[in-house]
């Protein structure tokens with residue numbers, strides 16, 4: 001009979017169980033390295049991991065701890081402009097703007113974008129490439145465009161329809177450079193008039209664009225070419241062929257003095273076994289590098305800060321990833337846990 | 001292999017026919033009720049939803065009902081959206097779902113989407129706790145869900161009509177005709193439900209309240225049952241279930257542009273012949289299952305299955321044994337496969353139980369063959385021992401398996417035809433107490449799952465591999481207390497479960513999952529319910545607590561309390577019987593997410609009006 005009563009007591013106690021959850025207390029230290037974690041597409045679980053390179057401290061999900069809510073999207077890229085980070089996201093499609101010091105959200109555009117990819121700013125105007133609306137029958141994107149954003153009130157002031165899928169953006173000398181990744185050209189527009197002023201012919205699949213120390217634009221093309229564009233003549237002045245590229249959403253960064261280019265390529269052997277390599281090439285070189293600095297099977301994003309190479313590893317897409325830090329000679333310094341699919345870095 | 005099988009079947013039938021000629025005695029009547037092989041599931045808990053709970057969840061799916069009353073976690077991608085079950089720390093393809101004895105888990109995904117299983121679509125819903133691969137074959141690792149139809153022999157014609165209304169533009173209409181004349185029972189029913197499903201939710205980032213977009217759904221279906229009692233020892237049964245579901249796919253919070261949708265159609269037919277001869281009780285069952293899915297008007301997934309089962313049970317005084325064979329022929333027509341794929345799965349099983357005064361033992365065995373590649377063996381030993389009239393001890397040891405899904409084998413590119421079946425070793429034990437209206441049980445279980453299939457990006461596409469090892473262990477406590485008097489019936493029930501489910505190996509150099517609880521697998525689950533029925537009417541309050549769960553990215557989703565309450569009244573009159581009920585769902589207006597970034601509705605309402613009449617002839 002006693003035990004009977006204990007069971008009854010237990011039954012009642014079920015009603016009384018309460019839960020406690022930890023309060024979000026905000027970031028507890030200053031991170032000089034931010035890891036951009038893409039998240040996986042269906043669960044919209046993108047995040048930003050903070051890392052302090054002098055103390056080695058790591059803090060997960062800085063956006064959440066700063067703002068009290070998650071970014072709740074898949075992050076494509078983060079671009080720094082005028083003390084703010086512009087985060088292009090899809091699922092849901094949006095542009096998040098956060099202060100580059102505090103990481104406090106200062107605004108969001110959540111309507112009018114369609115699979116946004118890259119951002120670039122010029123004065124009070126921002127530009128966002130949009131792949132367009134996904135078409136499940138063709139597995140492609142329809143109606144690509146560039147959204148023109150009024151940064152004073154964060155609204156889309158106009159859209160520029162594109163003939164090809166616009167990938168990366170670069171602002172230089174009052175001009176906007178748009179890489180047409182499904183084609184073989186870069187479109188040059190006048191920012192004041194939004195008129196096309198030139199088209200630069202490139203090898204197929206111009207993707208990521210970066211500016212070097214001499215003021216020339218380097219473009220990595222999905223077709224396996226790395227080209228240098230002279231912006232005075234709007235012409236390709238150097239083509240490095242047989243560059244091992246990934247063929248999709250190329251990852252390329254420059255070092256601090258913009259004299260060396262680092263890029264990531266994932267390629268497959270005859271048995272379709274993947275190898276991810278990080279290559280280095282000087283802006284004065286003219287042949288493709290053949291020996292990678294570091295290799296793995298699951299690299300996803302890269303960054304270079306001073307003499308340190310940061311590489312994000314997607315961990316076979318099983319949960320959180322890892323960031324490996326290497327010397328520029330490829331010796332591992334250390335590593336730490338990131339969020340899901342670390343695809344890029346910001347150093348501040 | 002098929003030839004051999006049919007030879008075996010032919011032999012079986014002949015033997016039975018030969019003995020049938022000797023049959024002259026009046027034998028035990030054939031009764032169809034409850035879950036199959038229940039008497040061989042010694043020491044395993046089976047919880048069957050009673051009619052008041054079925055009424056309470058009439059406008060919901062079976063996943064919602066199970067989660068309200070059992071420590072299962074439903075991983076639901078929105079309100080009545082795709083929903084997989086997680087039971088005892090295992091994944092959605094480790095719980096077998098059976099409809100009148102046929103495994104209806106999708107052959108392509110290896111799991112059931114519970115949002116395609118409306119509560120109104122079946123007579124009886126039961127949940128069997130724990131592994132039972134020897135009884136039910138593949139998928140029965142965490143537990144099994146049984147949906148069964150049974151005859152209603154009440155003489156005459158019964159008509160029933162139900163009209164439901166609910167929040168977010170929900171309407172449900174269902175009807176039933178039951179006709180019994182002598183040895184024949186004929187039952188037809190149908191249902192239709194539509195919901196705009198535009199529930200309001202708050203966007204966390206800006207506090208704005210918006211209506212959920214792109215989440216409407218409608219479904220309808222029919223059931224047809226026929227039972228013919230040829231003699232007291234011969235019964236023919238026929239069951240059919242057609243279900244059609246159209247849904248827009250609820251996007252993640254803040255996605256206002258998604259227009260993705262999905263259509264599903266399921267046809268399930270089965271006929272069985274039960275014959276209780278002097279020699280043995282033999283059942284021959286044949287079935288046909290067709291699953292069709294069209295995702296976003298683009299991708300078609302269609303499978304057809306022809307299932308044949310033959311089994312015979314022989315009883316002695318204290319010992320009974322069942323021998324049987326099950327053949328499943330699958331034809332898959334899936335856009336993402338290179339070609340139409342055919343697969344044969346054959347199971348042989350031998351079940352036996354010995355019942356002594358205080359001790360019951362069961363030894364069950366199943367051997368599974370899948371065409372061209374794999375075989376699996378599932379034995380189990382279980383026991384129950386009565387210490388005294390109130391206390392019982394029980395325990396089980398078993399080995400179980402899960403056959404790789406058709407997607408695992410044939411997806412192009414990436415499908416891996418060399419996969420082995422997943423295996424799990426399970427043990428559980430516990431004690432139960434029963435006295436008067438009070439019953440309770442507590443048990444511990446542990447399972448070691450290996451060859452767990454994970455899709456990994458081995459090349460430029462993903463491929464499934466038998467690489468994960470997972471241990472899952474836990475404790476479950478259930479209790480129930482009935483108070484009965486002439487005009488009043490009260491039932492209290494409560495349950496609590498604790499589970500630890502962790503990978504025990506690493507599958508890559510950067511794998512961080514070792515020793516971490518599996519994603520979307522709460523460690524703590526508790527539920528409690530009160531059901532009061534009196535002359536004044538009935539009141540049901542059920543509540544549950546779901547503990548915190550991690551997402552794939554190690555974000556912790558907070559635990560939450562969820563409560564439902566229903567008041568109802570049945571009025572009998574000479575023009576029929578009326579039943580009215582009003583339910584408040586999510587009474588506490590809990591904000592929770594079952595999958596991260598997926599909105600769920602706050603407090604909402606459901607109303608049901610039911611009318612039934614019996615016309616005696």
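For residue A:106 and residue B:592, a Förster radius of 22 Å and the Cβ-Cβ distance give a FRET efficiency of 0.15, rounded to the nearest 0.05. Sorting B:477, B:119 on the 10 Å Cβ count, fewest up front, what's the list? Listed from fewest to most nearby Cβ atoms, that is B:477, B:119. Which distance in Å, rounded to a whole number, links the C-alpha centroids of region A:197-214 and region A:273-335? About 23 Å separates the Cα centre of region A:197-214 from the one of region A:273-335. Suppose the Debye formula is applied to equal point scatterers at every Cα of region B:461-579; what is log10 I(q)/I(0) at q = 0.10 Å⁻¹? Taking Cα atoms of region B:461-579 as identical point scatterers yields -0.54. Estimated from the Cβ-Cβ distance and a Förster radius of 51 angstrom, the FRET efficiency linking residue B:575 and residue A:334 is about 0.05.
With the largest listed first and rounded to whole Å, the semi-axes of the equivalent ellipsoid of region B:2-615 from the Cα gyration tensor are 35, 32, 26. Inter-label distance, residue B:50 to residue A:142: 5.5 nm, where each label sits 7 Å from its Cα along the C-beta direction.
Per DSSP H run of at least 4 residues, take -39500 (n - 2.57); add these up for chain B, divide by its residues and hand me the 222 nm value, nearest 500 deg cm²/dmol.
-2000 deg cm²/dmol
Quotient of the Cα radius of gyration of region B:28-173 and 2.2 N^0.38 Å, N being its number of residues: 1.08. Given axes a ≥ b ≥ c from the Cα gyration tensor, I'd like to know whether region B:447-495 is rounded (a/c under 1.5), prolate (a/b larger than b/c) or oblate. Prolate.
When both region A:117-181 and region B:558-617 are represented by their alpha-carbon centers, they are found 49 Å apart. Here the contact order of region B:2-615, divided by its residue count and restricted to Cα pairs under 8 Å and six or more residues apart, works out to 12 percent. Which residue fluctuates the most in chain A, going by a Gaussian network model with Cα springs under 10 Å, if the choices are A:60, A:147, A:285? Answer for the Gaussian network model of chain A: A:285.
Given region B:300-357, what whole percent of its Cα pairs are spread farther than 20 Å? The calculated P(r) of region B:300-357 puts 49 percent of pairs beyond 20 Å. In terms of its C-alpha gyration tensor, the protein assembly as shown comes out prolate, because a/c is 1.5 or above and the ratio a/b outweighs b/c.
Counted over region B:76-156, the DSSP beta bridges are approximately 65% antiparallel.
Per residue of B:251-262, other chain Cβ atoms within 10 Å of the residue Cβ number 5 on average.
Taking the C-alpha atoms only, the angle from helix A:2-16 to the longest principal axis of chain A is near 40 degrees.
Between residue A:196 and residue A:157, the simple spin-label model (points 7 angstrom out along Cα→Cβ) gives 2.2 nm. With neighbour counts taken as other beta-carbon atoms within 10 Å, the residues B:454, B:507 rank, fewest first, as B:454, B:507. When a footprinting reagent is the concern and you count Cβ atoms within 10 Å, what order do B:482, B:225 take, fewest first? Placing the least packed residue first, the sequence is B:482, B:225.
Taking region B:382-398 and a reference point 7 angstrom along Cα→Cβ of residue B:427, the backbone N atoms nearer than 13 Å belong to B:395-398.
For residue A:286 and residue B:210, what is the calculated FRET efficiency with R₀ set at 45 Å and r taken between the beta-carbons, to the nearest 0.05?
0.25
Note on region B:325-374 and region B:194-219: Cα centroid distance 42 Å, given to the nearest whole angstrom.
Modelled spin-label separation between residue B:412 and residue B:171, with each label point placed 7 Å from Cα along the Cα-to-Cβ direction: 4.5 nm.
Here, each number is a calculation from the coordinates, and none is a lab measurement. Just so it is clear, the structure is predicted and the values come from calculations on it, not from any experiment. All Cβ positions, glycine included, derive from the backbone under ideal geometry; neighbour counts span all protein chains shown.
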